[in-house]
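Chemist: Here it is: the structure, laid out below.
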Amino acid sequence: MLEMLPGLTRIYEEWAQRYPDVQPLTIQFAADGQSGEGLDGVLAYPLEGHWLLVGFGLTELGEKTSEEKRISGAGFEFTCRIPRDPDDRSVPAWILRVLHALADHFLAGSDLDVGHWIVTPSPLGGGPSNGDMTSLVIVPDVEVRAMQTENGLVMFFQLVGLTADEGAHAQEAGTAAPLVALLRDRDPKLLTDPGREPVRL
């Protein structure tokens, strides 16, 4: 079973240290943890005020198959935080599409790392309600940056949504660091909130 794979169990355990009383939803995309075809799924933690989403499948969830002993698979999994109303019991489909597409983007050969940003031609996840939020920047996760597993190091890369103007500014400046600093001052959790006020530089 997917839930019994040691790599996924290790991810569960790491985040359980942060949220011991929160049971995540397990959203599975593939039949097993060995597909190698993008994300296998997402752990969705229903926290107060927001969802914490932790992807799994880019690292080695089962046996070690890569020759690089120091890191597990791709070496990272994606995380993201989005607003959540108290009565929400399911994760919005648009953010699942974002996580899935970005994993596919990476597996197709794109280099993704902390500090990189991605500009999309439409609102995130194709959701019209996401309006002007058309870009993402990758930062170290604000709570768990990395963990050690039997298959090597796993880092957690948090995706943070940017508006079109913010993405254009990062493109022009060649860095998203000032934007991220301002967003972090406003919101230490760095929620991807399509309804937030844009950052003015």
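Chemist: Looking at the structure I just gave you, is Ser90 more than 14 Å from the chain's Cα centre (by Cα), closer than 15 Å to Ile27 by Cβ and of a type in the set (S, T, N, Q)?
Modeler: Numbers: more than 14 Å from the chain's Cα centre (by Cα): yes; closer than 15 Å to Ile27 by Cβ: yes; of a type in the set (S, T, N, Q): yes.
Judged against the criteria, Ser90 is a match.
Chemist: Hey, among Glu172, Glu166, Glu150, which residue is charged (D, E, K, R) and open to solvent by less than 40 Å² (accessible area, probe 1.4 Å)?
Modeler: Glu166
Chemist: Next up: Scan the range 61-97 for residues that are charged (D, E, K, R), under 16 Å from Val154 (Cβ atoms) and modelled with pLDDT of 95 or more and jot them down.
Modeler: Those that are charged (D, E, K, R), under 16 Å from Val154 (Cβ atoms) and modelled with pLDDT of 95 or more: Arg70, Glu77.
Chemist: Same structure again: Given the criterion open to solvent by less than 60 Å² (accessible area, probe 1.4 Å), touching a strand residue (DSSP E or B) at 6+ places or on another chain (Cβ under 6 Å), in contact (Cβ under 8 Å) with a residue 24 or more places away in the chain and outside any helix (DSSP H, G or I), identify the matching residue among Val114, Val54, Val142.
Modeler: Testing whether each residue is open to solvent by less than 60 Å² (accessible area, probe 1.4 Å), touching a strand residue (DSSP E or B) at 6+ places or on another chain (Cβ under 6 Å), in contact (Cβ under 8 Å) with a residue 24 or more places away in the chain and outside any helix (DSSP H, G or I) leaves just Val54.
The values are calculated or read from the model by the stated rules, or taken from the named source; none is laboratory data. In this text, all values refer to a predicted model and were calculated from it rather than measured experimentally. Every residue, glycine among them, receives a Cβ derived from its backbone with ideal geometry; neighbour counts consider all protein chains shown. Ligands, DNA and RNA are excluded from the accessible area calculation, which covers all protein heavy atoms including side chains. Shrake-Rupley method; radii C 1.70, N 1.55, O 1.52, S 1.80 Å.
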